[in-house]
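Please read the structure below before turning to the comments.
Every number here is computed from the coordinates shown, using simple stated rules; none is lab data. Everything numeric here is computed off the predicted structure, so don't read it as measured data. Heads up, the Cβs are rebuilt from the backbone with ideal geometry, glycines too, and the neighbour counts pull from every protein chain shown.
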Amino acid sequence: MKSAKEIFDLRFFVRLGCIVAIILLAVFLYNFGKQRTLLVDNWTTEINGTSYRAEDWAKVEVDDLGTQEYAPRMRISIPLRGRTHTIKITYDDRSFNEFELDPIEFSLKYDTSIISVPALVAGVPVEDALREFIVEPAPVTEAEENPEASISEFGDMSMEI
Amino acid sequence: MKKEITSKDVRKFLANNIVPIIFIVLCAVCIPIAGYSGQYLVDQIITRIVRNSFLVLSLLIPIMAGMGLNFGMTLGAMAGQIGLIFVTSWNVVSIPGLLLAAIIATPIAVLLGWFCGKMLNMAKGREMITSYMISFFMNGVYQLIVLYGMGALIPIHSNRVILPRGYGVRNTVDLLDVRKSIDNFWSIRLFADENGMGGLTIPLLTLILIAILCVIIIWFRKTKIGQDMRAVGQDMEVAREAGIKVERTRILAIIISTVFAAYGMIIYLSNMGTLNTYNSHSQIGMFSIAALLVGGASVSKASIKNVFLGIILFHLMFILTPQAGRNLIGQAQIGEFFRVFVSYGVITLSLVLYEIRTRREKAESAQTLAIEQKEAQA
């Protein structure tokens, strides 16, 4: 039988180190590559019982990804990587005076979130203005609903590419 | 001194290269009939080389170890697909997504390769049919896990991956977020027009990865374990006498092949952009083996040259035959049928030729031995 000294030799620790390094790399890749979707929304919305009217015009920039102009009832989807992000909002009042909000930092907890521009303009804390958005599942075909039916008894031996 | 080429040499050359010669003739006939432009064909060939090379290269090491064509590469393809299912579900995109898929696929491929290697060691001399059957068996296990395990036992909740019933992966998983991430990371466009449109796109990073794998295979042949594999491939008993751990070496060959096949499948599917959950892997083994054989490889001998020649010829025919069929008799379907029976036919032809060659070599060596014995007696 091998002694503990023979088992826990240099080779063992090198191998262990490699496995740990790969696991750490996987964790890093997960955090670095994870994409979340943010819906920037300029609809009239109600938060905590208060209604916020859609802005007549707003310009929004998330994480230096370029600015986009918003008219009322506009909603734009922005794919984001990483957890912490910044949103910059420029809007005008009824007399066409332009105002710029201080950049607001926020973090995304959900795969798809929605952030309300009118709420942010009204000074609602970002924690309240940002909510989870549950996407309706994509419709499935009959074949997809029942994948068992598409698997033949002998496996798929077709040569379609 | 110049060596004269005899008719025997010509016959030998033809016999050794009959499959690539048939394909070269077929392609030469089909090119004018199909009527595609040269630029289109080159573009398509580059795409196919980029997509398939890694998979076909994964077949070389088991051949080197005398284990024939590894139909068990399907197991690696399954591992690659499982990796991609996870990263799609977690929404990890682009190159980090593909790298993470490779990291997830590696231990699964190692485990499956080890299992396959163990089985093949129990069926020495019948490796190909055994690996073919193992791939069917593991396909059942894969389907069980993917259909009933994922979502129910394995926590995958993404609507993009899981069926609305809450368990089971969709028939088709969209890989748009990782599609062509490697190809587009570093590519150049040649012969583009003034607007930057058209021309040929050369995905440099993918080609570099393929080149690295080729270098690794060449280097691997020269290492101790590579030499051991070649010795085992030549004669297992002699290798065992020489102190080589034959069983362990064979298992290693299959594990390496399965891991490369997993990476190859990730590259293939990322290039395609769609994962056909229940079918992609079952088709890929057959295509890769057919491509290698078309390149002039045999059950016992294959090189990197065979890989690339095979991919070019096999896929050139795939591109040409539907259009040639349409132009010739007005039906593209005839070309589809043609390429199906050619794929299976080329594997059969290669196996038969290998058997004939082996018997001929045995007969020749027996004849030589008999002559030598007669001379010794005289």
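The table below gives the values:
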{"quantity": "Chymotrypsin sites (Phe, Trp or Tyr not before Pro) restricted to region B:187-281 and DSSP loop, no more than 13 other C-beta within 10 Å", "calculated": "B:PHE191"}
{"quantity": "Residue-averaged [θ]222 nm for chain B, counting only DSSP H segments that reach four residues, each worth -39500 (n - 2.57)", "calculated": "-24500 deg cm²/dmol"}
{"quantity": "R0 of 45 Å, Cβ-Cβ distance B:LEU144-B:THR368: FRET efficiency to nearest 0.05", "calculated": "0.25"}
{"quantity": "Fluctuation leader among B:GLN367, B:GLN234, B:GLN323 - chain B, Gaussian network, Cα springs under 10 angstrom", "calculated": "B:GLN367"}
{"quantity": "Three-way shape label, region B:154-283, alpha-carbon gyration tensor, a/c 1.5", "calculated": "oblate"}
{"quantity": "Three-way shape label, the protein assembly as shown, alpha-carbon gyration tensor, a/c 1.5", "calculated": "prolate"}
{"quantity": "At most 13 other Cβ within 10 Å, DSSP loop - chymotrypsin sites (Phe, Trp or Tyr not before Pro), region A:29-127", "calculated": "A:PHE96"}
{"quantity": "For a label point 7 Å along the Cα-to-beta-carbon line of A:THR50, residues of region A:109-125 with backbone N under 11 Å", "calculated": "A:119-125"}
{"quantity": "Amide H contacts of B:ALA192 (H built 1.01 Å from N, under 5 Å, at least 5 apart or other chain)", "calculated": "B:LEU200"}
{"quantity": "Relative compactness, region A:36-132, computed as alpha-carbon Rg over 2.2 N^0.38 Å", "calculated": "0.99"}
{"quantity": "Region A:36-132: relative contact order as a whole-number percent, Cα under 8 Å and 6+ apart", "calculated": "34"}
{"quantity": "Within straight-line cross-link reach of B:LYS12, lysines at Cα separation under 22 Å, skipping those fewer than 8 residues along the same chain", "calculated": "B:LYS2, B:LYS3, B:LYS301, B:LYS305, B:LYS362"}
{"quantity": "Contact order normalised by residue count of region B:220-378, Cα under 8 Å, 6+ apart, percent", "calculated": "13"}
{"quantity": "Filtered trypsin sites (Lys or Arg not before Pro), region A:1-97: DSSP coil and at most 10 other beta carbons within 10 Å", "calculated": "A:LYS2, A:ARG73, A:ARG94"}
{"quantity": "Relative contact order (%) - region B:7-377, alpha-carbon pairs under 8 angstrom, separation at least six", "calculated": "30"}
{"quantity": "Shape of chain B, Cα gyration tensor, a/c cut at 1.5", "calculated": "oblate"}
{"quantity": "Projected label distance in nm at B:GLU241 and A:LYS5, using a 7 Å step from Cα toward the beta-carbon", "calculated": "4.0"}
{"quantity": "Angle between chain B longest axis and helix B:224-234 axis [Cα atoms, degrees, rounded to 10]", "calculated": "60"}
{"quantity": "Part-to-part distance (alpha-carbon centres) for region A:1-74 and region B:161-198, which is given in Å", "calculated": "21"}
